[in-house]
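Following: one structure in structure tokens, then a few remarks.
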């Protein structure tokens, strides 16, 4: 026993040493891409059956830590520090996680800004369902229900039950799905879900076609299914307010080598794609979810008077000012200028007084100029940038606006000439009166 | 335990589809391309010697040409390892294994050198792996060179000491001080013992071999089985890093078993269905994604294919979806696991189960063999097979009775089949009925294979009836899985109804009076959509039939509100409308001329005042006559003028502080001269009075 | 009839007033003239304000107030220097004048400051 202890200690030290570099380059505001990812599996065979997906992550520099979902040594947190930046839950049938992880733990993990990929299956466990439900996604209540589509299925010589769906109703977003159009349909086999209408953060990425429905293929339908048509979401994403990102897929097979490699021909179409869109779809999605794309930062929020360069501590009403902010996007390895034409700034006090679209120099700098309103008080420059798929930007800078000083008003107004004249005539009159009255006899 | 259960469930979901039977396909080209991908060459080698062996062995089995470019560097490593006196036993073993495939040029001296080392190792061996590497090493030396005589003198002793590690259930322990038993170890032990048997200089005690055979049978008793007939050996010790799962355990056991059977030359009574079950397990994995898994799969299948136990035959169907309209033929292919040709045999369709009903029809029809493509074809489907889901049951009949001992057919093979066809849709009509009388108000025929655009209107006292009829190509009534009628209101609220069947007809009657609550009292235009679909219906459709103008009563106060419709995600984002501040309008200014006119007017009274002074004959006669008071009087008035002038400058540009400072000085001066002047005047007037 | 009587009465009254005023000392008449001057100027400004509006209000106020202030101060001076006013019998008119000058200077300073 004593003989075994020594190597254990040594291993631990080696482990710690190997961890050191990761600690330094893990997720941080300056380097938002995730590095360490915990993968929880139901079965280690998934490691090999989904290896293309995992290998693509590893080749992009992610450090994957595979664990069985009920491994008692699972811990995502130690001494208050998270050990991982991302979590992949490929364990649809797990009722309880091993170790210290539980539903609360997963939610806390996400609440502290970490990312999550969740894949369910038919007969997903209550645990997985409740994780999804907390993210605003409700899986079909019938555990044996699958998404069936009799007109949008993938033609196959050996699978005839129309549960392998060729889905091509993607969300229109280059930032989530990459700029290259996904030509081939994505093969999907699994359970469908609906989005909670109260949750405004969850977004359908891949929808079923309007002829799809979610039901148990083996039993007859007597009641209308709960989920039908394009309301069924096959894959959804959530971007939380803290920029944590979540993918929820109703199919674990979607990530599998088998469907990655499989060709696809959609029913009713004569064209057969050599390769399904799954690999591209999943790779692009994983780039998004692990912040290799669509992560923005805004820096150098500046403002000054037109013609000046220094930032004043306050403005006077009716001043002309210039405002600028720099926005960069993270590409996974570096920050590049973000180019868009819809960044807006607000000049805000209780409500926006000025809301203006910024013009860009295409090198990341956004600028505009406007006149300070003729209302004084404590204003804010506000940049609220919420775009589909991008992390939200929310910056504000406080600036007081004062009225005219007493010597800043307009003088020698023509309209007031009679009053001036009267005043001076009074003065002249006083001068003459004082002489005449005093020496009159 | 939960872990194993979890594993089982997932594996079931993964490996077995929802059907109770599954088709297993033999090794194909996809495995070959995967092998080339997974075993990637970097820096001229496959990595470690173990990885190199796995790669080379897999390539060998799959018939992929070895890459010559790795040979030179790999051989150099092999020679180094074997030549070095410090290399570990495991590395020696791996080097020898690689050499077995690559046939590097090694001299007999090298073999002799390591042989003595290995023999020493056998005597010092404690753990199963020590034995495995050393015995395996000796076996490899024996295979690779004929110059060196390899014999084990004390084979019986070694056999016994390895056997001592075996457990009651057929599993083995890795070493005597490790109590955990493992299936993987059993496979390793079997292979080692096979080595011992074949290296033994004298015959091994028969009773030992008999007990070992007994152990093997026990091991096979503990085999795990899936619903689809696949069998595997479960591994209790699962290590995420070593990844010794069921696949590697099963593979190693198969490897050891076949090695042992070959070495012992004895017959072993193992049930054929378990052997073919194992084959199904390995094939059911499909194309593994990791190199190690692929190696285990391929090696195990190669062992099964060449084994002396029994060679499993795999019955596979290129297509299980057969279209009646395309007149697809049922084709069956029988191969060995690695995809090579099977011995002469015939395939028989034994039974057909119709899905949904328990009864099976017994057919007993032999399939015709197409000798060119080696495919067994059923030219026409049996008469009673209409469109639908079936389970076909096949049997393989070997022509040569001798083959029955060699090949394992696995008994009956059941295969789920989908027979699809075009379903004809007839007598489709939609009607509005009067509720009380049931009389038909409007009736319209529909052509469900073409376009429809009906325009109907109804109120809450009426009913909507939709009916159609579905028949199979064989004239039978067809009941699809999906027959939905959807009404979608303009606001996006949807209502879905399942169209039920009554006899031959599909009919749904919507009584709007009973539905007003469900419709949230929403009047207006409803789109009518009909979806009919089934797995075996080739012409499944989703059709917009037209619209229905519905006139419902106004909602009472307590009525439920329609659920909120999801907001379109794109509308939530996007820029907001710009806001510009509206500035206070500047004050209205009168025309300049008016101001100037009034400036003149305002100055007029001043002239009037001056003129009035002249009129009153005001004079300055009171001015003092003497010089000093006059000067003071002058200074006094000059002072006042200066103060007024100062005020003017103050108005024009000076600030208050400068003004007040100057005013202070002027005031003092003014007080002084004012006092002098006024007191002079006062004294003058007093003199006047007194005079 | 009545009308002519009234106009005659008015004429008589005016005449008596005129003759009574004629006896007023010249220096008081000068003050009266001065007050008139200030009041008329103020009235013209008010008329102007009625036409163009109250902008700029501060200028209007100072313009009018300078007139009103002048008039008030002049009236004060008149009260103090009137010999028939027994109340100020002991106050020398020069002292009253000095007060008047001082007050005027302060008034105009305030007016200038407020004129804008």
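The values are calculated or read from the model by the stated rules, or taken from the named source; none is laboratory data. Predicted model, so just to flag it, every value in this text is computed and none were measured. FYI the Cβ positions are ideal-geometry reconstructions off the backbone, even for glycines, and counts take in every protein chain you see.
Is it true that some residue in segment B:528-535 is out of contact with any helix residue (DSSP H, G or I) (no Cβ under 6 Å at 6 or more places or on another chain), modelled with pLDDT of 85 or more and part of a loop (DSSP other than H, G, I, E, B)? Within segment B:528-535, one or more residues are out of contact with any helix residue (DSSP H, G or I) (no Cβ under 6 Å at 6 or more places or on another chain), modelled with pLDDT of 85 or more and part of a loop (DSSP other than H, G, I, E, B). If you go through segment C:95-102 one residue at a time, do you hit one that is within 27 Å of residue C:63 (Cα to Cα), touching a helix residue (DSSP H, G or I) at 6+ places or on another chain (Cβ under 9 Å) and not in a helix (DSSP H, G or I)? The answer is no, given that none of the residues of segment C:95-102 is within 27 Å of residue C:63 (Cα to Cα), touching a helix residue (DSSP H, G or I) at 6+ places or on another chain (Cβ under 9 Å) and not in a helix (DSSP H, G or I).
Note on segment A:424-441: among residues that are more than 7 Å from chain C (Cβ to nearest Cβ) and surrounded by 14 or more Cβ atoms within 10 Å (Cβ to Cβ), the one that is nearest to residue B:592 (Cα to Cα) is A:424.
Is it the case that residue B:119 is part of a helix (DSSP H, G or I), free of Cβ contacts under 8 Å to residues at least 24 places away in the same chain and touching a helix residue (DSSP H, G or I) at 6+ places or on another chain (Cβ under 9 Å)? Here the answer is yes, as residue B:119 does meet what is asked. Considering only residues of segment C:37-57 that are touching a residue at least 24 places away in the same chain (Cβ under 8 Å) and part of a helix (DSSP H, G or I), which is nearest to the other protein chains (Cβ to nearest Cβ)? Applying the filter and picking the extreme gives C:41. Residues that are in a helix (DSSP H, G or I) and closer than 19 Å to residue A:261 by Cα within segment B:272-296 comprise B:283, B:284, B:291, B:293, B:294, listed in sequence order. Per the listing C:97, C:60, the residue uniquely facing chain A (nearest Cβ under 10 Å), closer than 23 Å to residue B:686 by Cα and buried (at least 18 other Cβ atoms within 10 Å of the Cβ) is C:97. Of note, residue C:109 satisfies the criterion of being in a helix (DSSP H, G or I), facing another protein chain (nearest Cβ under 8 Å) and under 16 Å from residue A:427 (Cβ atoms). Go through the residues of segment B:234-249 one by one and say whether even a single one is away from chain A (no Cβ under 13 Å), modelled with pLDDT of 75 or more and assigned to a loop (DSSP other than H, G, I, E, B). No, the conditions are met nowhere in segment B:234-249. Residues that are within 14 Å of chain C (Cβ to nearest Cβ) and either more than 30 Å from residue C:102 (Cβ to Cβ) or modelled with pLDDT of 85 or more (or both) number at least 3 in the following helices (runs of 4 or more DSSP H) confined to segment B:550-657: B:592-615, B:627-652.
Exactly one residue out of B:464, B:437, B:398 is at pLDDT below 85, in contact with a helix residue (DSSP H, G or I) (Cβ under 8 Å, 6 or more places away or on another chain) and more than 22 Å from residue B:534 (Cβ to Cβ): that is B:398. For segment A:236-263, a tally of residues being away from chain B (no Cβ under 14 Å) and within 18 Å of residue A:205 (Cβ to Cβ) returns 8.
Residues checked against (1) modelled with pLDDT under 90; (2) within 14 Å of chain C (Cβ to nearest Cβ):
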{"site": "A:326", "(1), (2)": "no, no"}
{"site": "A:342", "(1), (2)": "yes, no"}
{"site": "A:349", "(1), (2)": "no, no"}
{"site": "A:357", "(1), (2)": "no, no"}
{"site": "A:364", "(1), (2)": "yes, no"}
{"site": "A:371", "(1), (2)": "no, no"}
{"site": "A:422", "(1), (2)": "no, yes"}
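One line per residue, one yes/no per condition, for (1) within 12 Å of chain B (Cβ to nearest Cβ); (2) within 26 Å of residue A:234 (Cα to Cα):
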{"residue": "A:63", "(1), (2)": "no, no"}
{"residue": "A:70", "(1), (2)": "yes, no"}
{"residue": "A:86", "(1), (2)": "no, yes"}
{"residue": "A:96", "(1), (2)": "yes, yes"}
{"residue": "A:99", "(1), (2)": "no, no"}
{"residue": "A:109", "(1), (2)": "no, yes"}
{"residue": "A:115", "(1), (2)": "no, yes"}
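Could you check, for segment C:1-17, whether at least one of its residues is more than 30 Å from residue B:587 (Cβ to Cβ) and either at the interface with chain A (Cβ under 10 Å from one of its Cβ atoms) or part of a loop (DSSP other than H, G, I, E, B) (or both)? So far as segment C:1-17 goes, yes, one or more of its residues are more than 30 Å from residue B:587 (Cβ to Cβ) and either at the interface with chain A (Cβ under 10 Å from one of its Cβ atoms) or part of a loop (DSSP other than H, G, I, E, B) (or both). Take the conditions surrounded by 20 or more Cβ atoms within 10 Å (Cβ to Cβ), in a helix (DSSP H, G or I) and not assigned by TED's automatic domain parsing to the domain that holds residue A:391 and apply them to residue A:124. Does it pass? Taking the combined requirement at face value, the residue does not satisfy it.
Would you be able to say whether some residue in segment A:98-110 is over 27 Å from the mean Cα position of the chain (by Cα), more than 23 Å from residue A:245 (Cα to Cα) and in contact (Cβ under 8 Å) with a residue 24 or more places away in the chain?
Scanning segment A:98-110, I find at least one residue that is over 27 Å from the mean Cα position of the chain (by Cα), more than 23 Å from residue A:245 (Cα to Cα) and in contact (Cβ under 8 Å) with a residue 24 or more places away in the chain, so the answer is yes.
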